[in-house]
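Beneath this line is the structure, given in structure tokens, with notes to follow.
Computed from the coordinates by the stated procedures, all read-outs in this text should not be read as laboratory data. Note that the structure is predicted; figures quoted are calculated from it, not measured. Here the Cβ is made from the backbone with ideal geometry for all residues, glycine too, and neighbour counts use every protein chain on show.
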Amino acid sequence: MNNTIELEDSYCAQNYKPLPVVLVKGEGVYVWDDQGNKYLDMMSAYSAVSHGHCHPQLIKILIKQANELNIVSRAFYTDKLAPLLEKACQLTGQDKALPMNTGAEAVETALKAARKWGYQVKDIKPEQAEIIACENNFHGRTIAIVGMSSEQQYKRGFGPFPAGFKRVEFGNPEALKNAITPNTAAFLVEPIQGEGGIIVPAAGYLAECARICRDNNVLLICDEIQTGLGRTGKLLASDYDQVKPDGLILGKALGGGLLPVSMFLARKDVMDVFTPGDHGSTFGGNPLASAVALEALNIIERDNLADRAFELGEYFMQALRAINSDLIIDVRGKGLLIGMEINPAKTTARSICEKLMTKGVLSKETHETIVRFAPPLVITKEQIDDAIDAIKDVM
Ligand SMILES: *Cc1c(COP(=O)(O)O)cnc(C)c1O
């Protein structure tokens, strides 16, 4: 047994079950373990590493900024935050943004904004605001967020949870319509459910939800922490339905694979419910993170990573569908967010991931039956071919 694994297992909380590999180095789409073995990273840290590992331009900016100014808190202005927020708003068509660090914090920010907007703008009676989420959602791990979850394991042992949340079936606009009451402040939805198993709703679902929300003066808030920033073949997955949500949550790839950076973006009248002292974060919007995130956005735009994800995603999915194996029930996804569903009667997704690892491809199962393929968006066609060869072998 590897010493590092034993050491981590003895000191670290057992809240994950990592594959038995100890990574020591990364470059582009590749990572290396402590034995010198090279792997194609088909996970990219749940889409946080869309730019690839150790992107040279991002490293350059990181080091330059690290030598200038890093953490000062939002008690002061810095020269790096405004350019990041301006760029993020320009790219997404939103008016204003609030910077945080992790995805869960940005989701919490969205929930707080939605509730306060509900009271101040929509005139919902005190303490009555409702937020509607979807069955099978994943929005993070705080108490309020797992309280919204339908996944028993995320909640078991962690109650009681805050009131004011409901769930409706994902992919069913009628269900949303029926759940809305005069107290509904917002509908929170992932355009494609990532952790839920790469579930792609029918085309037009989000557009229909947007119409229902507009008709009922309910905010549509899209959690694009995983689907955003090019991952699904458009800058935002909501672009497929030509929907501009009232609130938008970004994270993961926003940090360029180097730092945790997230933000909640919204229409002016939504963001303006926040006043000084309402909400905050010591590290949110710090100049180091802001400099890196701005460059991360610039690279996504300049290198057309969304178009790249679209084309390579189609190619990858076609190749996966062409694999002749009765272990595969379904291949689905958009862009480079791909799920391969395994026949549970035959084997587990975990066992497939363990075998892929021995062939030099790193991935991770989501739930028991889905193998996720979400490589860095800088992957090449040839590298996808290598992955396909390994996957074919294993299947
Ligand atoms: C990963 C993820 C989150 C949570 O982000 P953290 O940075 O882990 O807190 C929230 N929503 C979605 C859709 C995610 O994929």
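Numerical summary
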quantity	calculated
Placed amide H near Asp330: partners under 5 Å, 5+ positions off or other chain	Glu341
Cα gyration tensor shape for the range 126-219, rounded if a/c is under 1.5, else prolate or oblate	oblate
Choice from Gly157, Gly147, Gly194 showing the highest fluctuation, given a GNM over the chain with Cα pairs closer than 10 Å	Gly157
Residue pairs, from the table Lys38/Lys381; Lys166/Lys252; Lys96/Lys234; Lys96/Lys125; Lys64/Lys116, whose Cα atoms sit over 29 Å apart	Lys64/Lys116
Among Asn101, Asn343, Asn37: highest mean-square fluctuation, GNM of the chain, C-alpha pairs under 10 Å	Asn37
Aspartates and glutamates whose Cα lies under 16 Å from that of Lys60, excluding same-chain neighbours fewer than 8 positions away	Glu27, Glu68, Glu295
Most mobile listed residue (Tyr205, Tyr11, Tyr315) in the chain, GNM with C-alpha springs under 10 Å	Tyr11
Cβ crowding within 10 Å averaged over residues, with 379-391, 24-36 ranked highest first	379-391, 24-36
Cα centre as origin, Lys/Arg/Asp/Glu Cβ charges: the range 57-302 dipole, Debye	300
Separation between Cα centres of the range 162-241 and the range 276-337, rounded to whole Å	18
Anchor Lys25: aspartates and glutamates whose Cα lies under 12 Å away (excluding residues fewer than 8 positions away in-chain)	Asp33, Asp34, Asp41
Anisotropy class of the range 10-164 from Cα gyration tensor, a/c 1.5 cut	oblate
MRE, 222 nm, helices only [DSSP H, n ≥ 4, -39500 (n - 2.57), over the chain, to nearest 500]	-10500 deg cm²/dmol
Cα gyration tensor, the range 57-302 - rounded (a/c under 1.5), prolate or oblate	prolate
Dipole of the chain, positive end: most advanced residue of Asn37, Phe138, Thr4 [Cβ charges, Cα centre]	Phe138
Nearest-ten-degree value, helix 205-215 long axis tilted from longest Cα axis of the chain	10
Virtual spin-label span in nm between Ile59 and Ala345, 7 Å along Cα→Cβ	5.0
